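The structure appears right after this line, and notes come after that.
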Amino acid sequence: MRYLNVFKGTLLRTFSELKRYYLNTLTSFAIMTMIFYFIIVGINKFGNPAVLGESIQAIAIGYVVWMALIGTVTDLSWTIINEMSIGLIEQSFISPIGPTLIYLSYQLSNFIFVIPLEIIIMMIVFKIAGISILIPPIFLIVLMLLMIQGYGIGLMIAGVTLRFKRTQAILNLIQFGIIGVLMGNYKGIWKYVVPANGFVRILRNIINNNRTTLNDWLYMFVSSAMYIIIGILVFDFFAKLVRKRGEIAQY
Amino acid sequence: MEALRVENLKKTYVSKNKKVEAVKGISFFANKGEVFSILGPNGAGKTTTIKSILRLVIPEEGKIYVKGIDISKHTSEALKNLSAVLEGNRNIHWKMTVFENLKYFGYIRGLGGKFLKERIEEVLEFVELTEKRNELAGKLSRGMQQRLAIAIALLPDTPIVLLDEPTLGLDVESSIKIREMLTKLSEKGKTVLLSTHDMHLVEKVADRVLIINNGKIIVCDKKTNLINAFKKKAYKIVFAGENGYINFRKYGKLYEENGEKILEVQLESIDQLYELIDKFKENQIEIKHLESIMVNFEEIFVNIVRSDEQ
Ligand SMILES: Nc1ncnc2c1ncn2[C@@H]1O[C@H](COP(=O)(O)OP(=O)(O)O)[C@@H](O)[C@H]1O
Ligand SMILES: [Mg+2]
């Protein structure tokens, strides 16, 4: 019950922020879609017709994944930077619930509000790319698992932000770092350790032939679970560290 | 009954190139239902003490018991008894309305349901913000924002409420309002621990006062005792005659009121008073009236801190 209340709180907060910043959200969303549109137009003009369909599809999926990950990985850190600078963060640390569960709950509320938005983005991007906008349900489930992994990474980065405070430059870099991770071709153990990358291949298979293997699911569940668990542990570690250093709100 | 106990609290901040001993072994306790006030100049260690009690800072030495619970061992249990308004002007969410703020901060403490609903109405009424419930917190005046922060701290109905410099930067009217609220809270049986360098606040609301400077205790006593101790040493002398008194200017504050010549002096002991009276006799100066007077709390504080620094 206590935890449900915390969740209601973070939902309320996410909702009221969304409500007040919806113009902002809409503009950045429109800009992103426009950029994507021009990429597709560019490829159609100069691309090699033989591989055109496939590469447009790959780009569309990559784009959707990228959009899904940017927020999950960096949102919490931006929120924490904001809370530190305006003196709100202490209340989470004073709560008997504790900061780790509160911010985990914040991630979960974020997730719930972002999913519908993500689906709309996806449909528009797929439409532009000429892919069927009837998205298979398993595509969505895979995307959600991927986002959960992203939230795990988000918690780790937020922990680092708690400790080192001014991480804005890094957060901005991460947006583009994600592209690198998504496009990389990893071998051996890295194939399993590097986040997100493996999910992209699975998503492409789903669009192409609507097929996944048991191995795919095993990989996705283990990988998401590992990242979210490690994320929670890392965040909790830094939360304790800043208490010890007396630097919770110092900004 | 004891609500809060701090034993030998020590905190040193360590950063790259320097060490700051912010609190150097402070011990005190606060009883249930009293307003306990930590008084000290800037940098004395007030905020560090309050943050240590709230576990926002982990001290390297010392024990803190909240209703007998060791906060270092049972943090979450102990925190259930504490709520706080921290230093600075933003304990609230500016982009949310008054009502949303109360709901949000209530929820993230794990409160909810009927209890939270009713508490919100109660605290809104208590801080006189019922009418402003749908306004954005960022649009409120500074005084109202502070009252909202107090309302948020009162939501969980904890037995102990901590306030760090609650009247800092507020206009007189807002300060008075907050003073009244704090008095009401202690009347309701809440233990109020506040830090401040606002002497009026201490004078009006405190039961006991802990004066600290440079991270050390200077004195910890009932406010009335502190005032009495100094009251005995301050005297008002009204002269009967017209002449001679001017030579006594160097002993204190000399002024005229309603045509009467008055000298106010602060003395170390009663012997000094007798010496002074002897001197009046020697100079054939007649005294019409003599009384011991109250020094204001600000003077007490300044004197105590000054004598500590010498
Ligand atoms: N996080 C910190 N790191 C280093 N020094 C600090 C920190 N917080 C406070 N101090 C120093 O500790 C001393 C006590 O500060 P503080 O407890 O805030 O005093 P007060 O609240 O009485 O003004 C001051 O000298 C202050 O500069
Ligand atoms: Mg302070």
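At a glance:
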item: Built amide H within the under 5 Å cut-off of B:Lys216, gap 5+; result: B:Lys24
item: Chain B, helix-only ellipticity at 222 nm - DSSP H runs n ≥ 4, -39,500 (n - 2.57), divided by all residues, nearest 500; result: -10500 deg cm²/dmol
item: Whole-Hz ³J(HN,Hα) from phi, Karplus 6.51 cos²θ - 1.76 cosθ + 1.60, for segment B:31-38, glycine and proline x; result: 8, 4, x, 9, 9, 9, 10, 9
item: Distance from segment A:162-186 to segment B:250-302 (C-alpha centre basis), Å; result: 73
item: Inter-label distance for B:Lys184 and A:Leu214, nm, one decimal - labels placed 7 Å from Cα along Cα-to-Cβ; result: 6.8
item: Entries in B:Lys139/B:Lys216; A:Lys165/B:Lys139; B:Lys117/B:Lys139; A:Lys165/B:Lys51 that, when Cα-Cα distance is taken, lie over 30 Å; result: B:Lys139/B:Lys216
item: Directionally averaged shadow of the protein assembly as shown, computed from the convex hull of its alpha-carbon atoms, nm²; result: 34.4
item: Extent along principal axes [Cα atoms of segment A:1-153; Å; largest to smallest]; result: 61, 31, 24
item: Cα-based helix-to-principal-axis angle, A:2-20 vs chain A, degrees rounded to 10; result: 60
item: Net charge of Cβ neighbours under 15 Å - reference B:Glu125; Lys, Arg +1; Asp, Glu -1; result: +1
item: Per-residue SASA entry for A:Val222, accessible area with 1.4 Å probe, Å² rounded to 10; result: 80
item: A:Ala225-A:Ser85 pseudo-label distance in nm [points 7 Å out on the Cα-to-Cβ vector]; result: 4.0
item: Partner chain coverage, peptide A:6-14 - average Cβ within 10 angstrom; result: 5
item: For segment B:1-67, the fraction of alpha-carbon pairs in successive 10 Å shells from zero, as %; result: 20, 53, 23, 4, 0
item: Alpha-carbon Debye profile of segment B:212-310, log10 I(q)/I(0) at 0.16 Å⁻¹; result: -0.74
item: Straight-distance crosslink candidates among lysines, where the alpha carbon sits under 19 Å from B:Lys114 and sequence neighbours closer than 8 are dropped; result: A:Lys8, B:Lys80, B:Lys103
item: Rg/Rg_ref, segment B:2-226, where Rg_ref = 2.2 N^0.38 Å and atoms are Cα; result: 1.00
item: Cα centroid of segment A:191-217 to Cα centroid of segment A:80-147, whole Å; result: 21
item: B:Asn42/B:Glu2 FRET efficiency (R0 30 Å; Cβ-Cβ; nearest 0.05); result: 0.50
item: Cross-link reach list, lysines versus B:Lys19, counting only Cα pairs under 16 Å and skipping chain neighbours closer than eight places; result: A:Lys244, B:Lys10, B:Lys11
item: Average Cα contact separation per residue, segment A:134-251, under 8 Å, 6 or more apart, as relative contact order %; result: 49
item: Vicinal HN-Hα couplings computed from phi for segment B:124-136 (Karplus, 6.51 cos²θ - 1.76 cosθ + 1.60; Hz; Gly/Pro x); result: 4, 5, 4, 8, 6, 10, 3, 5, 9, 4, 9, 8, 5
item: Reach of B:Lys232 by Cα under 26 Å, taken over lysines that are not fewer than 8 positions away in the same chain; result: B:Lys204, B:Lys222, B:Lys223, B:Lys250, B:Lys253, B:Lys261, B:Lys279, B:Lys281, B:Lys288
item: Between helix A:214-245 and chain A: long-axis angle, C-alpha atoms, 0 to 90°, nearest 10; result: 30
item: Heavy-atom accessible area ranking, 1.4 Å probe, most first, across B:Leu182, A:Leu140; result: A:Leu140, B:Leu182
item: Computed accessible area, B:Phe115, all protein chains, 1.4 angstrom probe, square angstrom; result: 90
item: Formal net charge of residues neighbouring B:Val265 (Cβ-Cβ distance under 15 Å; K, R +1; D, E -1); result: +2
item: Segment B:101-170 versus segment A:1-49: alpha-carbon centroid distance in Å; result: 33
item: Karplus 3J(HN,Hα) series, Hz, for segment A:181-197 with 6.51 cos²θ - 1.76 cosθ + 1.60 (x for Gly, Pro); result: 4, 5, 8, x, 10, 9, 10, x, 4, 4, 4, 9, 7, 4, x, 6, 3
item: Chain B: angle of helix B:98-107 to the longest principal axis, Cα-based, in degrees nearest 10; result: 70
item: Relative contact order (percent, whole number), chain B, Cα cutoff 8 Å, 6+ residue spacing; result: 20
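The values are calculated or read from the model by the stated rules, or taken from the named source; none is laboratory data. Not measured: the values here are computed from a predicted model. Don't worry about glycine lacking a Cβ; one is built from the backbone with ideal geometry, like all the others, and counts go over all protein chains shown. Surface accessibility is based on the protein's heavy atoms, side chains included, excluding ligands, DNA and RNA. Shrake-Rupley method; radii C 1.70, N 1.55, O 1.52, S 1.80 Å.
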